[in-house]
Structures are given as C-alpha cells and as structure tokens.
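Read through the structure below, which is laid out as structure tokens, and then see the notes.
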Amino acid sequence: MIDKSDVETNVVVITGAAGLIGKAFVRAVAQTGAIVIAADIDLSAAEVVANDLQDLGKVETAYLDITCPKSVDILIADLMDKHGRIDAVVNNAYPRNANYGRKLEEVTYADFSENMNLHLGGCFLIAQKFCAAFKAQGFGNVVNMSSIYGVIAPRFEVYDGTAMTMPVEYAAIKSAVLHLTKYFAQYFKGTGIRVNAISPGGIFADQPKSFLDAYGSRCAGKGMLDPQDIANTLVFLLSDQSRYITGQNLIVDDGYAL
Ligand SMILES: NC(=O)c1ccc[n+]([C@@H]2O[C@H](COP(=O)([O-])OP(=O)(O)OC[C@H]3O[C@@H](n4cnc5c(N)ncnc54)[C@H](O)[C@@H]3O)[C@@H](O)[C@H]2O)c1
C-alpha cells in the first residue's frame, strides 16, 4: 500500500482516468487513502468516475490533453498550487485517431505518424513535464502503461474470424514506451524519481467468443483479465514497498506472453 503515514499528502495523477483501466486505477489508488486526480480529455466522463467514488472522499477531476504542452503545464501548476506536491503520475491515457486499428496494408503513413505522435508523443510529454516538476521537489514516481504487445510479437491467429487485429502502431508505441521507461529511469537516477512500466495482457470488454477462446487457450487460467487485475500492480509500484524498483516492466497477463 502507499505509505499510510503519508496518506494525507499523497497526490497521484492518473491520465485517461475515465477509460476502461483508468476507472479501476482511480478506485484502487483512492482506496489506499491517496488524493487521486482523475485527469482526462473527457472531463465529464472523469466526473462520472469521481461521483461514483464519492464515498472514498478524495477523488478530484481535471481536464487534461496529454498531447498539449500547455494543458500539461496548467495541470501541474494547478496541483502544485493546491496541494504543494505531486507524488506520482500514471501515464495511462490512450489517444488514437479515427483510422486507428486498421490492418497493416491499410495503415497510411499519415495515420501511422499521427497515432505515434498522439500516444507515444503524449506519453513522452507527460513523463518529461512531470519529471521536471518531480526533480524540482526532490521526489516522484512515474508509471507508464505499456502492453504485452510492447514485449512480444503479435499472435495474429487469435484474431482469426474477427474484425480485430493488433495494430502496427500499437507495437511501435508500446515497445517504445518500455524503452522510454528505462531511458527516464536512467536519466533521473539520483533525483528521487522512479520510473516503471506495467504491461497488461488483454482486458475483457465483450470481445467475440472465438477470440476470447483462442486467447484464453494460451493463458494459465483466466484468459482475458479484468481492469482490477492490473490495479494491484499499480498500487504496488506506487507504494514504498517497491522503493528500490526503477526502470522495470511488470507483465500482468495470466501467462499469455510466455
Ligand atoms: N484495454 C486493454 O486490453 C489494454 C491492454 C494492455 C494495455 N492497455 C493500455 O492501458 C491504457 C488504458 O487503456 P484502456 O483500454 O483503459 O483505454 P480506454 O480507451 O478505455 O480509455 C482511454 C482514456 O484516455 C482518454 N484520452 C484519450 N485521449 C486523451 C488525451 N489526449 N489526453 C487525455 N486523455 C485522453 C480517453 O478519454 C479515455 O478515457 C492504454 O495505455 C492502453 O494502451 C490496454
């Protein structure tokens, strides 16, 4: 758990907080007693998440566009004004353009570049700007969201008979996120900043049965995971129990990538 002696002052920013995994992250981190900033480009969706967790008491919302330097600067300045510190940022937002998800042959250069720019560029921007603030305050923790598909080659056969694929941009983005994690961890050594990554396996979201069966047959027991299955790993990486872990990637995938 996040250090309980410090719970009143732990401030954790979660980007993409209104999404499938983001919601579970907000809940799990709020349950530790931390102040959670549910940040999303869709502010009204983030407000719904915060309202649902009203009983936990410490979920705040913020508008954030991870692809806009000014938006990131404003969020950091507002939080420093209000709380005087930011303990951690979870780089979880998932921007993509309208053509994202096409098969390799159909991906245009413009779409490839735009999706790299939005997701990888945004992930870099968040890490860069929060690490600058963390360096100035003398501590900070970054958790980047990668994926098993940043680690292993796609298994295209699990998508047979469906309209799904594993987008080529995603492989490039998520593998780069893993190396950026090491780069940042190395760069900020000695400054009190830790930088780690989580690589989840697939998350259940009503995918076609043929896909779920094919995917599940490669796993140890559960197959596609639920968002909560990833959240405990996030809490560990945010906590003092992982204080000597930096530059690492934790794969949470029920064995799919083996
Ligand atoms: N869902 C999965 O199966 C899975 C598996 C492995 C890794 N991941 C990773 O986990 C993270 C979260 O995925 P998800 O499935 O919850 O995504 P999601 O699409 O459900 O949610 C993404 C959230 O990001 C927000 N967002 C989009 N663009 C933004 C921007 N420019 N600035 C701020 N917020 C923005 C959206 O409004 C949304 O709330 C992603 O990095 C994704 O790659 C997901």
Give the range 122-170 a look and list any residue that's open to solvent by 30 Å² or more (accessible area, probe 1.4 Å) and among the small types (Gly, Ala, Ser), or say none. ALA132, ALA136, GLY138, ALA153, GLY161, ALA163
What are the pairs with Cβ atoms under 9 angstrom where one residue, in the range 90-116, is touching a residue at least 12 places away in the same chain (Cβ under 8 Å) and the other, located anywhere, is assigned to a helix (DSSP H, G or I) and of a type in the set (S, T, N, Q)? Sequence gap at least six, or different chains. PRO95/ASN115; ARG96/ASN115; ASN97/ASN115; ASN99/ASN115; TYR100/ASN115; VAL107/ASN115
Just need a number here: residues in the range 70-86 that are under 16 Å from LEU125 (Cα atoms), more than 12 Å from the ligand (Cβ to nearest atom) and touching a residue at least 24 places away in the same chain (Cβ under 8 Å). 2
Of everything in the range 220-252 that's within 17 Å of VAL12 (Cα to Cα) and part of a loop (DSSP other than H, G, I, E, B), which residue is least open to solvent (accessible area, probe 1.4 Å)? SER239
TYR100 being within 27 Å of ALA30 (Cβ to Cβ), open to solvent by 20 Å² or more (accessible area, probe 1.4 Å), of a type in the set (Ser, Thr, Tyr) and within 16 Å of the ligand (Cβ to nearest atom): no
May I ask you to verify whether ASN117 is in a strand (DSSP E or B) and at pLDDT 95 or above? no
The lone exception for THR181 - which of (1) part of a loop (DSSP other than H, G, I, E, B); (2) more than 11 Å from the ligand (Cβ to nearest atom) it fails: (1)
What about VAL26, is it crowded, with 20+ Cβ neighbours inside 10 Å and more than 15 Å from the ligand (Cβ to nearest atom)? no
Those residues of the range 188-206 that are in contact with a Pro (Cβ under 9 Å, 6 or more places away or on another chain) and in a strand (DSSP E or B) come to a total of 2
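The values are calculated or read from the model by the stated rules, or taken from the named source; none is laboratory data. Keep in mind that this is a model prediction, so the values were computed, not measured. All Cβ positions, even for glycine, are placed from backbone atoms using ideal geometry, and neighbour counts span all protein chains on display. Note: accessible area is taken over every heavy atom of the protein model, side chains too, but ligands, DNA and RNA are not part of it. Shrake-Rupley method; radii C 1.70, N 1.55, O 1.52, S 1.80 Å.
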